[in-house]
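One structure is given below, encoded as C-alpha cells.
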Ligand code: ADP
C-alpha cells in the first residue's frame, strides 16, 4: 500500500476483502471439483466402448478368419461402438466450451420455419413416420440459429427414439418469451429419474441406451443451449404415456447487460 501511495485498508475493508477472497476460492474449488468429476465420468464412459472394441478385436484375431459369422458380428459391434465414441467425444467437446454465452451468433430466426425444416430433415434420417404440427404461421426471435436447431435435433431425436407414435412440436408466443414444446406419446420417464435427466451422462436405462446408441449427454447440451440464451428447459413425463420437453426462450437475449 505504501508503494502504491494508498492509505492502509481499514479493519472493515480487510474483512470484506477476506470474505470476497474466500468466496472466490470456494467458486474455483467448486468448478475444479466439477471438472474433475466430468473427466472421471468421461473416462469411465469411454472405457466401456473401448473394452467392447478390445474384446471383439481379440476374438477376431483368434478365430475371425475361420468363422465368417463371428467376423460379421465383430465388425458390426466394433463399428457401432466406434460411432458411439465419436458422438460422445464430439458432445464432450461441446460441453467443454466454457464461454458459450458470449459466442452466440444472434440473428432474427423464424422458429416455425426452423422447426419445419429440422423435422423434415429428421424424418429423412429416421425411417418411422412422424407428424409435426406447428400452430403459428411465423414466430420471430433473436437467437443463435445453429444452436436452436441443435436443441430441436436433440429433443426430436429422443422423442423418435423413445416413441413410435406421431411426435408434435408446439410453438407458443408469450409476452416476452417463446415456448417450444416437443411432445411424444412414448415410453415416458419414471418420476424418480426426472430430477436427474439433465445431468451429464445420466440415462434411465443404461442397457436400452446402449442399444439406441445414447450417450447421456444430449439433454445436458440442450440445457446449456437454453441457459446460454437466458431461457429455461423443463420436462413433464408419465411412464407409459409420454414425455413433453418445454424450452422457453426470451424474445430478446441479454448478453452482458446489452439486449440484442
Ligand atoms: P441419450 O443420448 O441417452 O438420449 P440424453 O441426455 O438425451 O441422452 O437423455 C438422457 C436419458 O433421458 C435417455 O437415456 C433416456 O433414458 C431419457 N429420455 C430422454 N428423452 C426421452 C423421451 N422423450 N422419452 C423417454 N425417455 C427419454
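Readers should treat all values here as calculations from the given coordinates under stated rules, not as data from a laboratory. Computed from a predicted structure; not experimentally measured. Neighbour counts are summed over all protein chains in view; Cβ atoms, including those assigned to glycine, are modelled from backbone coordinates with ideal geometry.
Quick look at the numbers
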item	result
Enumerated strands (runs of 3 or more DSSP E) restricted to the stretch 105-199, each holding at least 3 residues that are more than 26 Å from residue 91 (Cα to Cα)	168-173
Residues within the stretch 172-194 that are more than 13 Å from the ligand (Cβ to nearest atom) and surrounded by fewer than 19 Cβ atoms within 10 Å (Cβ to Cβ), tallied	7
Total residues in the stretch 146-171, condition buried (at least 17 other Cβ atoms within 10 Å of the Cβ) and free of Cβ contacts under 8 Å to residues at least 60 places away in the same chain	10
